[in-house]
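The values are calculated or read from the model by the stated rules, or taken from the named source; none is laboratory data. Since this is a predicted model, take the numbers as computed values, not measurements. With ideal geometry, Cβ positions are generated from the backbone for all residues, glycine too; neighbour counts draw on all protein chains shown. Heads up: the accessible areas ignore ligands, DNA and RNA and are worked out on the full protein's heavy atoms, side chains in. Shrake-Rupley method; radii C 1.70, N 1.55, O 1.52, S 1.80 Å.
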Amino acid sequence: MLPQTPGAIGMFDSGYGGLTILHQVRSMLPQYDYLYLGDNARAPYGPRSFDVVYQFTLQAVKKLFAMGCHLVILACNTASAKALRSIQQNDLPQLDPSRRVLGVIRPTAECIGNITTSRHVGIVATEGTIKSQSYVLEIQKLYPDIMVTGEPCPMWVPLVENNEFDSPGADYFVQKRLGNLLRHDPQIDSVILGCTHYPLLLNKILKYIPRGVRVVPQGEYVAASLADYLQRHPDMEARCTRQATCRYLTTENPEKFSESAQLFLHERVEVEHISL
């Protein structure tokens, strides 16, 4: 039986990238309690199959529900692309129809219509997110006139997680992938960073993106979307505790997580180990 008393807002990512989302959400909504779970032991999710990502994500959602969360944000583009819909449609009705799982793709898709003027949009993301076509489907559902072009960037996450995102070696991989994207469609005027790790590469991205092309990180849009969601759903808002706390959980080594989390949060945090 899942706990019915109010609890923290759950946030899940395969690794560290979701911390960029958490940081923006906490900046906008500092009053709530948050429970962040990183499945670092099995990261990265990008190259994994739909079935495996779905199973791993479902395990994490069940764990966060069991720990008292009524609302869980998949702060991971791969999990949002490969697992969110199945969990919403097939699992929530059995687990607890009153609980909610939200992703990061739709809030980003919703905002892009007001950002692009050429109606040509680029997406840089992991191979799994690009192959899923999730951004194309979500954007064109809302804005059928927008042309969407995706470019997989398989080396970008390892560059971030190995603290090489500011190194000279990162330039080659960033320039190559942005060049590929803009060769496919030179009319692109907005590029969505479709992976939560990529804001750490922003300095390199801005170095190689043409002037006039806007770069769109997700954090602020996901945070604004969550604030709007809680305002529109007072029943769910009432089930989110408000003591301005944040707990961090990892399936890997807590010390290693704490060290890497500093890259994303600019502070050292206490981390607990958890098994899924």
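Checking Lys141, Lys131 one by one, the residue that is in a helix (DSSP H, G or I), among the basic types (Lys, Arg), modelled with pLDDT under 95 and farther than 28 Å from Ala8 by Cα is Lys131 and no other. Annotation note: of Gln4, Gln31, the sole residue that is without any contact (Cβ under 8 Å) to a residue 40 or more places away in the chain and open to solvent by 10 Å² or more (accessible area, probe 1.4 Å) is Gln4.
Report, by residue number, each residue of region 253-276 that is assigned to a loop (DSSP other than H, G, I, E, B) and open to solvent by less than 60 Å² (accessible area, probe 1.4 Å). Correct list: Val269, Ile274.
Name the single residue that is farthest from the chain's Cα centre (by Cα) among those in region 153-180 being crowded, with 20+ Cβ neighbours inside 10 Å and within 20 Å of Gln133 (Cα to Cα). Per the criteria, the residue is Leu178. From the list Leu2, Leu58, Leu35, the one residue that fits, being part of a helix (DSSP H, G or I) and not acidic (Asp, Glu), is Leu58. Flag: Ala109 does not match the condition of being open to solvent by less than 10 Å² (accessible area, probe 1.4 Å), out of contact with any Ser or Thr (no Cβ under 6 Å at 6 or more places or on another chain), closer than 14 Å to Gly46 by Cβ and in contact (Cβ under 8 Å) with a residue 24 or more places away in the chain.
Inside region 80-106, residues that are hydrophobic (A, V, I, L, M, F, W, C), assigned to a helix (DSSP H, G or I) and crowded, with 20+ Cβ neighbours inside 10 Å make up a count of 4. Pick from region 117-147 the residues that are open to solvent by less than 20 Å² (accessible area, probe 1.4 Å) and touching a strand residue (DSSP E or B) at 6+ places or on another chain (Cβ under 6 Å): which of them is farthest from Cys76 (Cα to Cα)? That would be Ile146. Annotation for region 212-226: no member residue is of a type in the set (Lys, Arg) and part of a helix (DSSP H, G or I).
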